[in-house]
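Written below as structure tokens is the structure these notes are about.
The values are calculated or read from the model by the stated rules, or taken from the named source; none is laboratory data. The structure presented is a predicted model; accordingly, all values stated were derived computationally and were not measured. Note: ideal-geometry Cβ built from the backbone for every residue, glycine included; neighbour counts use all protein chains shown.
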């Protein structure tokens with residue numbers, strides 16, 4: 001059974017109703033992930049403590065890559081400044 005005082009709900013997507021991830025402790029020893037979006041729910045995923053730590057490490061590794069990609073995109077947008085670079089033929 002889930003411990004209600006140890007639950008986290010994360011809204012996902014860019015729009016209000018895109019979905020959410022519900023994270024909680026299951027049976028005092030596992031992490032439960034529930035994914036919901038657009039009125040549909042995926043089966044609950046139960047992670048052992050080691051699997052949850054591996055997910056945490058993966059996110060720690062991937063998040064900086066996404067941040068760097070966003071910075072590079074901002075730099076490219078600033079360099080363009082709305083000027084057409086191609087010549088019309």
Kindly list the number of the only condition in (1) at negative phi; (2) at pLDDT below 95; (3) surrounded by fewer than 12 Cβ atoms within 10 Å (Cβ to Cβ) that fails for residue 12.
(3)
Within the range 4-33, the residues that are touching a residue at least 12 places away in the same chain (Cβ under 8 Å) and under 13 Å from the mean Cα position of the chain (by Cα) are 9, 10, 12, 13, 18, 19, 20, 21, 22, 23, 33
Taking the conditions exactly as written (surrounded by 10 or more Cβ atoms within 10 Å (Cβ to Cβ) and modelled with pLDDT of 90 or more), does residue 47 satisfy them or not?
yes
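Take the conditions assigned to a strand (DSSP E or B), in contact with a strand residue (DSSP E or B) (Cβ under 8 Å, 6 or more places away or on another chain) and surrounded by 11 or more Cβ atoms within 10 Å (Cβ to Cβ) and apply them to residue 33. Does it pass? I'd like the intermediate steps shown before the answer.
Values: assigned to a strand (DSSP E or B): yes; in contact with a strand residue (DSSP E or B) (Cβ under 8 Å, 6 or more places away or on another chain): yes; surrounded by 11 or more Cβ atoms within 10 Å (Cβ to Cβ): yes.
It is true that residue 33 is assigned to a strand (DSSP E or B), in contact with a strand residue (DSSP E or B) (Cβ under 8 Å, 6 or more places away or on another chain) and surrounded by 11 or more Cβ atoms within 10 Å (Cβ to Cβ).
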Could you say which residue among 7, 61 is part of a helix (DSSP H, G or I) and at pLDDT 85 or above?
61
